[in-house]
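The values are calculated or read from the model by the stated rules, or taken from the named source; none is laboratory data. Fair warning: this is a prediction, and the values are worked out from it, not measured in the lab. Methodologically, a virtual Cβ is constructed for each residue, glycine included, from the backbone with ideal geometry; neighbour enumeration extends over all protein chains shown.
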């Protein structure tokens with residue numbers, strides 16, 4: 001699982017256009033705090049499917065940002 005600092009997450013959230021709310025909190029819990037998808041979903045009050053989608057979307061946005069900057073893939 002990728003991990004990032006709170007500042008990196010804030011930048012990613014702005015790029016993605018995430019609005020403050022349960023989905024953004026769920027993504028933050030996974031990407032910054034290292035919670036599992038199920039734990040983050042429960043803590044943020046979203047479904048496991050929403051947690052999975054938030055993580056996929058964050059990964060896609062990060063990959064596009066890396067590609068735009070000419071950086072190698074994080075994988």
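Below is a table of values for the structure above.
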read-out: Odd one out for residue 43 among (1) surrounded by 12 or more Cβ atoms within 10 Å (Cβ to Cβ); (2) assigned to a helix (DSSP H, G or I); (3) within 14 Å of the chain's Cα centre (by Cα); value: (3)
read-out: Residue 29 being within 11 Å of the chain's Cα centre (by Cα) and within 20 Å of residue 15 (Cβ to Cβ); value: yes
read-out: Residue under evaluation residue 3, criteria (1) in contact with a helix residue (DSSP H, G or I) (Cβ under 6 Å, 6 or more places away or on another chain); (2) under 21 Å from residue 74 (Cα atoms); (3) modelled with pLDDT under 95; (4) part of a loop (DSSP other than H, G, I, E, B), criterion not met; value: (1)
read-out: Looking only at segment 50-75, and only at residues there that are more than 14 Å from the chain's Cα centre (by Cα) and not in a loop (DSSP other than H, G, I, E, B), the one that is nearest to residue 5 (Cα to Cα); value: 66
read-out: Long-range neighbours under 8 Å by Cβ, at least six apart or interchain, first residue on the phi > 0 side of the Ramachandran plot within segment 32-60, second surrounded by 15 or more Cβ atoms within 10 Å (Cβ to Cβ) and part of a helix (DSSP H, G or I); value: 45/22
